[in-house]
1. Scan region 21-39 for residues that are surrounded by 12 or more Cβ atoms within 10 Å (Cβ to Cβ), in a loop (DSSP other than H, G, I, E, B) and out of contact with any Asp or Glu (no Cβ under 9 Å at 6 or more places or on another chain) and jot them down.
2. Name the residue that is modelled with the lowest pLDDT, counting only residues in region 51-86 that are in a helix (DSSP H, G or I), of a type in the set (A, V, I, L, M) and surrounded by 10 or more Cβ atoms within 10 Å (Cβ to Cβ).
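The values are calculated or read from the model by the stated rules, or taken from the named source; none is laboratory data. The structure displayed is predicted, hence computed values, not measured ones. Note: ideal-geometry Cβ built from the backbone for every residue, glycine included; neighbour counts use all protein chains shown.
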Amino acid sequence: MQENFTPTNARKNFYGILREVSTEHKPITIQHQDENLDAVIINKRDWDAIQETLYLATTGTLAEVQKREADDSGWTDIDDIDWDNL
């Protein structure tokens, strides 16, 4: 299925669009002549994953995880992590 639709074509193919974003995990763009009305449809689980990643990045947690992954000094026991103060 194509990745860009006009609003009219999107309306005609809405069920197919929902199936594709859910099975292929690829966003579908709805393009209008007025760019201010453009939209993107993505799977809810993909959206939740994006939101979680953004949250982890803004709280510094993602950087801390990446730092620990790159640390070659050994493994950290999961029970020793102070999750509330990352």
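1. Across region 21-39, the qualifying residues are Glu24, Asp38.
2. Among those residues, the one meeting the criterion is Val65.
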